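Taking it in order: structure first as structure tokens, then the write-up.
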Amino acid sequence: MTKRKKGTPDVASRAETLREQIRRHEHAYYVLDMPEITDAEFDALFLELRRIEESRPELVTADSPTQRVGGEASEQFAKVRHRSPMLSLQNAFDESEIRAFDKRVRAAVGDEVVYCAELKIDGLAISCTYTKGRLTRAATRGDGTVGEDVTANIKTIRSIPLTVTPAKGLPEVFEVRGEVYFPIAAFEKLNREMEKAGKARYVNPRNTAAGSVRQIDPGVTASRDLQTFMYTLDPAGAARSQWDVLGALAGMGFRVNKHRRRLKSIEEVIEYHAEWQKKRHTLEHEIDGVVIKADRFDQQLELGFVARSPRWAMAFKYAPEEAETDVEAIECYVGRTGVLTPVAHVKPVVVGGVTVRNITMHNEAQVNEKGVYVGARVVIHRAGDVIPEIVSVKEPKEGWRMPSKCPVCGGEVVREEPYIAHRCINPFCGAQRLELLRHFASRGALNIEGLGYATLNQVIEKGWVKDPSDLYRLKKEQVVQLEGFADKSAQNLVSRLADSKHPPLGRFLYALGIPQVGEATAEMLAAEFGSIESLRAATEEDLVRVEGVGPNMAHEVHAYFQGHGGELVGRVLDVGVVPQAAESVGDGPLKGKTFVFTGTLETMGRPDAETLVRKLGGKAAGSVSSKTDYVVAGPGAGSKLEKAQRLKLKILDEQEFLTLVGG
Ligand code: IVH
């Protein structure tokens, strides 16, 4: 008799038990929103399973909950053909259009019609293929016929079951379709993290969900807390109606929206639409309308299709939200480089679920182009549903003027041609001082944690810090006196400051806050001049020769080092800050090529994209010129894109850029 390996069957069955328990709890938590155990208890189960699988890799199964983030990162997504096309919906924007739809339906199938009404989730459509009960493929909608294979990424979404017990009547292979979305709270959390890291905010949950699903690294998708609602089963098995399908999907463990309703008349549909228009902001996700579908499949068959849309369904959309309010004041904020930004303070008003109080305008010209003034009645909306903007003014008037004195220090405000912006030219202005210090310590600059506005305000008030060099003179005995600090945290801040004394030259230049010099330009200057001394000694002519530096910028940089900027740099070097020479740009496939990024990148942040270009031997510039080889434009691209078009430069979208660097 062969002796069985001690403990083997127990471990294997324990692993299976754990897998079942984890699946059940994932369903309770992510699908039903009804957790049965605490997060810590769940984590303990997960950890135990992961430990078993690590020590006994032969026990790992492809559908184990630990394998959600196990997929291979792919450079490009394979194209996949949907089993049947993913259709789109016809839109109705008002009552008359939805009534006309109802008339057409009744004319075709008679009066015995019931509508299945659902919320129209503002996300992106996906289709998941199950083969013998296992998730074998997940794809984006693409053009409706061919989508992209995003299986590894979709597997990381916990409300998508990796295995299911197929509902009655389903064949071996079937597809489940629905929407992936970014819950608003998770989106705001992500944006808070972006802000903390000194990175640009994402514009809206929908685009960010789409970007998250198309990540090259599934680990990034997994970190995004995406959610799903599924609504289509293809083929439908034993289901005879859309209502049955939603029930069958829920029965198989998919997340199905609970606000679905069966409605007998178009009046009820109109009420449902109005009800959710009012309540849409109580939801944890965005909706852009409601969808109604003739419920019975036999009736759907009779109604058929027109072009790429079913005749049996309609999206009854909501108009983008606008609100009217009054401008109570226009104040100017002073930034790090002294630029004044006008902000309209309006009577608080709710737009798209968010209370708007302040609306930033860019400059005096913009205020007057729109005709905004104190006391104006204005219509506002949230651009891309996020940033509040004035759409129109009831009785527009020109004539608003920037103050001639800085609202913070009383210093002189000037507009230096050819710039549109007005600037406070007092280098000792308190607002500029605070903003410069904050910028100096920020993530993209010297990355000194613990130097937020609250701390900086205190050290300025106490008279200890006037410019960045003073930060390095702070003693632990001083820091400990500040609000929010104790012995250990004070010591930590002083140590972090000491640790920041050898920054790479590019970061140091960026940290100085030289007007017009962003991260990319700072890197270019560092690569070109190699040391702070040679940059200080550069003439305007030397500077103009640098990629991405035009005559205006060359003038600014030169003037900076000749004026108080040069003195500041001297003081910072005197306290022992030693910028490290930039690594020279190596050979690589992008050698000799200059890139400019504009707009939002969805798969990576702009600094990461710029670093990638540099790693591959290329240059990343901050502004577009005839010397630019490629402009990579994402959503929200503005004047840089226009300039690139004028100069007939090669313009890439993010996907083309990724293909280029992948290749
Ligand atoms: S049904 C043939 N139901 O809206 C019908 N679509 O404009 C296929 N959407 O691509 C779609 N919520 O991404 C349906 N409850 C819902 C929906 C929904 C959101 C999206 C979906 C589709 C788009 C059509």
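Do we find that Met604 is in a loop (DSSP other than H, G, I, E, B), crowded, with 16+ Cβ neighbours inside 10 Å and at negative phi in this structure? Against the criterion (in a loop (DSSP other than H, G, I, E, B), crowded, with 16+ Cβ neighbours inside 10 Å and at negative phi), Met604 qualifies.
What pairs come out if I take residues in region 649-663 that are touching a residue at least 40 places away in the same chain (Cβ under 8 Å) and pair them with residues that are open to solvent by 30 Å² or more (accessible area, probe 1.4 Å) and part of a strand (DSSP E or B) whose C-beta lies under 8 Å away, six or more apart or interchain? Here the result reads Phe657/Tyr630, each pair linking region 649-663 to a residue that is open to solvent by 30 Å² or more (accessible area, probe 1.4 Å) and part of a strand (DSSP E or B).
Out of all the residues in region 502-525, is one or more free of Cβ contacts under 8 Å to residues at least 12 places away in the same chain, among the acidic types (Asp, Glu) and open to solvent by 20 Å² or more (accessible area, probe 1.4 Å)? Within region 502-525, none of the residues are free of Cβ contacts under 8 Å to residues at least 12 places away in the same chain, among the acidic types (Asp, Glu) and open to solvent by 20 Å² or more (accessible area, probe 1.4 Å).
Going through region 237-246 one residue at a time, which ones are open to solvent by 20 Å² or more (accessible area, probe 1.4 Å), out of contact with any Phe, Trp or Tyr (no Cβ under 7 Å at 6 or more places or on another chain) and not in a helix (DSSP H, G or I)?
Step one: list which residues in region 237-246 are open to solvent by 20 Å² or more (accessible area, probe 1.4 Å), which gives 237-238, 240, 243-244.
Next cut, out of contact with any Phe, Trp or Tyr (no Cβ under 7 Å at 6 or more places or on another chain) only: 237-238, 243-244.
Within region 237-246, Gly237, Ala238 meet the criteria.
For region 301-316, the candidate set comprises residues that are more than 9 Å from the ligand (Cβ to nearest atom) and surrounded by 20 or more Cβ atoms within 10 Å (Cβ to Cβ); within that set, the residue that is farthest from Arg240 (Cα to Cα) is Phe316.
Across region 75-105, the number of residues qualifying as crowded, with 17+ Cβ neighbours inside 10 Å and away from the ligand (no atom under 16 Å from the Cβ) comes to 3.
Given the structure, is Val372 in a loop (DSSP other than H, G, I, E, B), buried (at least 20 other Cβ atoms within 10 Å of the Cβ) and of a type in the set (A, V, I, L, M)? It would help to see each step written out before you state the result.
On the way: in a loop (DSSP other than H, G, I, E, B): yes; buried (at least 20 other Cβ atoms within 10 Å of the Cβ): yes; of a type in the set (A, V, I, L, M): yes.
Here the answer is yes, as Val372 does meet what is asked.
The residue that is most open to solvent (accessible area, probe 1.4 Å), counting only those in region 251-262 that are within 14 Å of the ligand (Cβ to nearest atom) and among the hydrophobic types (A, V, I, L, M, F, W, C), is Val256. When residues in region 318-331 are screened for being under 28 Å from the mean Cα position of the chain (by Cα) and among the hydrophobic types (A, V, I, L, M, F, W, C), 2 of them pass.
Looking across region 209-248, the residues that are among the hydroxyl-bearing types (Ser, Thr, Tyr) and more than 16 Å from the ligand (Cβ to nearest atom) come down to Thr221, Ser223. Residues of region 109-130 that are open to solvent by 20 Å² or more (accessible area, probe 1.4 Å), out of contact with any helix residue (DSSP H, G or I) (no Cβ under 9 Å at 6 or more places or on another chain) and more than 7 Å from the ligand (Cβ to nearest atom): Asp111 alone.
The sole residue among Gly506, Gly463, Gly570 that is at pLDDT 90 or above and within 18 Å of Ala445 (Cβ to Cβ) is Gly506. Of the residues making up region 31-44, just one is open to solvent by less than 60 Å² (accessible area, probe 1.4 Å) and under 22 Å from Thr165 (Cα atoms), namely Val31.
Select from region 134-159 the residues that are touching a residue at least 40 places away in the same chain (Cβ under 8 Å) and away from the ligand (no atom under 16 Å from the Cβ) and list them in ascending order.
The initial filter retains those residues of region 134-159 that are touching a residue at least 40 places away in the same chain (Cβ under 8 Å), namely 134-135, 137, 139-142, 144-159.
Correct list: Arg134, Leu135, Arg137, Asp149, Thr151, Ala152, Asn153, Lys155, Thr156, Arg158.
Among the candidates Val164, Val180, Val173, Val150, which residue alone is closer than 24 Å to Arg262 by Cα and not acidic (Asp, Glu)? Talk me through it step by step, then tell me what you get.
On the way: Val164 fails: closer than 24 Å to Arg262 by Cα; Val173 fails: closer than 24 Å to Arg262 by Cα; Val150 fails: closer than 24 Å to Arg262 by Cα.
So the residue among Val164, Val180, Val173, Val150 that is closer than 24 Å to Arg262 by Cα and not acidic (Asp, Glu) is Val180.
Residues of region 247-291 that are assigned to a loop (DSSP other than H, G, I, E, B) and at pLDDT below 95: Leu283, Glu284, His285, Glu286. Taking (1) touching an Asp or Glu at 6+ places or on another chain (Cβ under 7 Å); (2) in contact (Cβ under 8 Å) with a residue 60 or more places away in the chain; (3) open to solvent by less than 30 Å² (accessible area, probe 1.4 Å) in turn, Glu286 satisfies each apart from (3).
Report yes if some residue within region 56-73 is open to solvent by 60 Å² or more (accessible area, probe 1.4 Å), within 16 Å of the ligand (Cβ to nearest atom) and either at pLDDT below 85 or in a loop (DSSP other than H, G, I, E, B) (or both); otherwise report no. Before you say what the answer is, go through the steps one by one.
Within region 56-73, the subset open to solvent by 60 Å² or more (accessible area, probe 1.4 Å) is 57-58, 62, 69, 72-73.
From what's left, within 16 Å of the ligand (Cβ to nearest atom): none.
No - not one qualifying residue is present in region 56-73.
Remark: pairs (first residue in region 109-133, closer than 30 Å to Ser265 by Cα; second residue of a type in the set (Asp, Glu) and within 9 Å of the ligand (Cβ to nearest atom); Cβ separation under 8 Å; 6+ apart in sequence or on different chains) = Lys120/Asp288; Ile121/Glu179; Asp122/Asp288; Gly123/Glu179; Leu124/Glu179; Ala125/Glu179.
Residues in region 166-186 that are at pLDDT below 90 and either within 16 Å of the ligand (Cβ to nearest atom) or in contact with a helix residue (DSSP H, G or I) (Cβ under 9 Å, 6 or more places away or on another chain) (or both): how many? Explain how you work it out, then say what you get.
Residues of region 166-186 at pLDDT below 90: 184-185.
Filter once more, keeping what is either within 16 Å of the ligand (Cβ to nearest atom) or in contact with a helix residue (DSSP H, G or I) (Cβ under 9 Å, 6 or more places away or on another chain) (or both): 184.
Number of matching residues: 1.
State whether the residues of region 616-635 include one that is aliphatic (A, V, I, L, M) and surrounded by fewer than 21 Cβ atoms within 10 Å (Cβ to Cβ). Scanning region 616-635 turns up at least one residue that is aliphatic (A, V, I, L, M) and surrounded by fewer than 21 Cβ atoms within 10 Å (Cβ to Cβ). Close Cβ contacts (under 6 Å, 6 or more residues apart or on different chains) running from residues in region 429-457 that are over 19 Å from Phe508 (Cβ atoms) to residues that are of a type in the set (A, V, I, L, M) and assigned to a loop (DSSP other than H, G, I, E, B) comprise Cys429/Val408; Gly430/Val408; Ala431/Val408. Residue count for region 607-639 under the criterion of being acidic (Asp, Glu) and assigned to a helix (DSSP H, G or I): the result is 2. Remark: pairs (first residue in region 326-345, closer than 11 Å to Val408 by Cα; second residue polar (S, T, N, Q); Cβ separation under 6 Å; 6+ apart in sequence or on different chains) = Tyr333/Thr341; Gly338/Gln432.
Checked against the criterion of being free of Cβ contacts under 8 Å to residues at least 40 places away in the same chain and of a type outside the set (Lys, Arg), the candidates Leu49, Leu59 yield just one match: Leu49.
Only residues that are touching a helix residue (DSSP H, G or I) at 6+ places or on another chain (Cβ under 9 Å) and at pLDDT 95 or above were counted in region 312-336, giving 5. Residues of region 424-441 that are modelled with pLDDT under 90 and either under 12 Å from Cys332 (Cα atoms) or surrounded by fewer than 19 Cβ atoms within 10 Å (Cβ to Cβ) (or both): Ile425, Pro427, Phe428, Gly430, Ala431. Examine region 564-572 for a residue that is over 26 Å from Ala644 (Cα atoms), loosely packed, with under 15 Cβ neighbours inside 10 Å and touching a residue at least 24 places away in the same chain (Cβ under 8 Å), and state whether such a residue exists. Yes, region 564-572 contains at least one residue that is over 26 Å from Ala644 (Cα atoms), loosely packed, with under 15 Cβ neighbours inside 10 Å and touching a residue at least 24 places away in the same chain (Cβ under 8 Å).
The values are calculated or read from the model by the stated rules, or taken from the named source; none is laboratory data. These numbers come from a predicted model, not from an experiment. Note: ideal-geometry Cβ built from the backbone for every residue, glycine included; neighbour counts use all protein chains shown. Side chains are part of the model used for accessible areas, which takes the heavy atoms of the whole protein and leaves out ligands, DNA and RNA. Shrake-Rupley method; radii C 1.70, N 1.55, O 1.52, S 1.80 Å.
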